[in-house]
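What follows is a set of notes on a single structure, which appears directly below.
The values are calculated or read from the model by the stated rules, or taken from the named source; none is laboratory data. Quantities reported herein were computed from a predicted structural model and do not represent experimental measurements. Backbone-built Cβ (ideal geometry, glycine too); neighbour counts: all protein chains shown. The accessibility values were calculated without ligands, DNA or RNA, using every heavy atom of the protein model including side chains. Shrake-Rupley method; radii C 1.70, N 1.55, O 1.52, S 1.80 Å.
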Amino acid sequence: MFAVISSPPMEFESKYEVSRVATFICSHEFKRVALQFPDELLKDSTGVVRALRKELQSCCDGSNDIGLYVMADTTYGSCCVDEVGASHINADCVIHYGHTCLSPTSKLPAFFVFVKASINAFNCAKYLCDYTLSSSKPVMVLFGLEYGYALQDIIEASTIETTSLGGDAFRSKLHFADVMSQSMNPTKTSDINGYCDDASRKTYRIGGLRWSLQQGLSMEDYSLFWIGPDNSAFANAVLTFNGCDIVRYDATENQLLTDTSQQRRILKRRYYLVEKAKDAGIVGILVGTLGVAGYLSMIHQIKEMITKAGKKAYTLVMGRPNPSKLANFPECDVFIYISCSQTALLDSKEFLAPVITPFEAMLAFNRGSKWTGKYVMEFQDLVASAPAGMENLGEEARFSFLQGGYIEDPDLQDMNKEDEDGPLALVKMTQTALQEHGKDHKTMVKKGSAKSGVEFFASRGFQGLDINSNSNAPEPFILGRSGKASGYNHETSKP
């Protein structure tokens, strides 16, 4: 049963922006509204419903006909709009509460309530000005969306602080990102843009933030000042702009942290996974979202790329992946996780097979691709991007860093045989494997050399305890030991 909040009513209504949510619902005349809460805010859901119901009665007619439904335990990451859960109640829109990646929706309109987090604007501005003074580059201020409400206070405090530090000349080095709109309409795949909206104007967006660069400058010419905790949004910024100097102000601890080596160390791990994926023969495509716009196009593009690379692809839909779920697919040498940018990086150390992102998959399976240091987290940036360097490299051997030599990719002549034969494919492959095993057990397909799931399962068999015995004659019975474990009958008792 849900707990009743203890916050004062006015503070509670301001935190969850009850008035703005009610205005959004009434202005669009929505009748069935899904309220999506993460686990940490679920305790406040009943209070939000009561306050929102009261506000709806005062701002729009027919409020009694508006249905409010609380959603929890999302299908995938709680930062994305759960369109699958909302479809179960035929919702007209989704009100999303808490941390969000602001990924574009594909079917339903949404309104995002970031839930304000406390911050000392004056202390933050002081750290910001001190860092700007010590930096030789202009500073771009990025932040978690939960601190967006305090942005104007931080700017005003920074203006006061910089008056004694150089005035306009000093303030010209400070640049602040803007928060994108809290309301969102469904996005078509053709309308999706990447984190760089316009290369000529140098307008960037990431994690619900948008900003423009000065004329003639690139992102590497800026230092980044992040306001917020060390979470997935911060890791997204560090990896995407890994060529920039970046520091983080922790509003909870009220301190400036300059060590981002832990986040940058992730890049080394990701590069290792790319090299490991190149040797994979069977690839599993993990669907990590059913609502983010463009996910279907990304799945089709990844599957086509895998096929051209001479590998077999299987598409898997299983909700949130974990080691136990993926262990049910031992035939897959690597998994590609298609999800929003803030849930894409899975720590796959405990998994039987590595889990990589679509960007890493393109580096691994597009022959001739090179990692230039650029890292792309948003899979929308990769939709409809043309594979390069695959046409004339199909028959060339490539060097495997993990195996320490040149290897050839498998021949695709019989790659689609499983699909053509239909349900009889597994039976035929098993019969072939048994016939070959009757001739010589060494001709069995070795693990890792199978071209498809059918070959993998056909090659699995129980060899017995003594696999080197060629005699079919029964062995004579042997009399075992008798007596108690503390002293068997054949053992000589000692005084």
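Normalised radius of gyration for the range 207-251, please: alpha carbon Rg relative to 2.2 N^0.38 Å, two decimal places. Show your work: numbers first, answer last.
On the way: Rg = 11.0 Å, N = 45, 2.2 N^0.38 = 9.3 Å.
That works out to 1.18 for the range 207-251.
Averaged per residue, what accessible area in Å² does the range 16-79 show with a 1.4 Å probe, protein chains only?
Ligands and nucleic acids excluded, the figure is 47 Å² per residue.
Between the alpha-carbon centers of the range 351-381 and the range 232-273, tell me the distance in whole angstrom.
Their Cα centres are 19 Å away from one another.
Pop out the carbon and sulfur fraction of the accessible area of the range 1-146 as a percent, whole number, probe 1.4 Å.
52 percent
Taking the full set of protein chains and a 1.4 angstrom probe, give the accessible area of residue 220 in square angstrom, rounded to the nearest 10.
100 Å²
Amide H to amide H, which residues 5 or more places from residue 400 or on other chains are under 5 Å from it, using H placed in the peptide plane?
Hits under the 5 Å cutoff: 405, 406, 407.
Residue by residue through the range 205-214, which ³J(HN,Hα) values in whole Hz follow from phi under the Karplus form 6.51 cos²θ - 1.76 cosθ + 1.60 (θ = phi - 60°), with glycine and proline marked x?
Couplings: 8, 7, x, x, 10, 9, 7, 10, 9, 5 Hz.
Give the carbon-plus-sulfur fraction of the accessible surface of the range 217-294 in %, rounded to a whole number; probe 1.4 Å, heavy atoms of protein chains only. Please report the intermediate quantities before stating the final value.
Working: 1290 of 2730 Å².
On the range 217-294, the fraction of accessible area on carbon and sulfur atoms equals 47 percent.
Using packing as a proxy for protection, rank 50-57, 112-119 so that the peptide with the highest average count of other Cβ atoms within 10 Å comes first.
Ranking the peptides 50-57, 112-119 by packing returns 112-119, 50-57.
For the range 305-378, just the Cα atoms, rotate onto the principal axes and tell me the three extents in Å, largest first.
Principal axes ranked by extent give 34, 29, 20 Å for the Cα atoms.
Equivalent-ellipsoid semi-axes (√(5λ), Cα gyration tensor) for the range 233-391, whole Å, largest first?
Working: eigenvalues 150, 66, 46 Å².
They are 27, 18, 15 Å, listed largest first.
Taking H as built 1.01 Å from N, whose amide H comes closer than 5 Å to the amide H of residue 356, not counting residues under 5 places away?
Amide H to amide H, under 5 Å and 5 or more residues apart or across chains, residue 356 pairs with 335, 336, 337.
For the range 225-238, in order, what is each residue's ³J(HN,Hα) by Karplus, 6.51 cos²θ - 1.76 cosθ + 1.60 with θ = phi - 60°, in whole Hz (x at glycine and Pro)?
For the range 225-238, the Karplus curve yields 10, 9, 10, x, x, 7, 10, 5, 5, 5, 4, 4, 5, 5 Hz.
Hey, what do the phi angles of the range 38-48 turn into as Karplus ³J(HN,Hα) couplings, whole Hz, using 6.51/-1.76/1.60 and θ = phi - 60°, x for Gly and Pro?
Going residue by residue, I get x, 4, 6, 10, 5, 5, 8, 5, 5, x, 5 Hz, with x marking Gly and Pro.
At a probe radius of 1.4 Å, what is the per-residue accessible area of residue 20, in Å² to the nearest 10?
Using a 1.4 Å probe on the heavy atoms, I get roughly 130 Å².
Scan around residue 246 for amide H atoms under 5 Å from its own, H built in the peptide plane at 1.01 Å from N, and keep only partners 5 or more places away or cross-chain.
Those lying under 5 Å, H to H, from residue 246 are 224.
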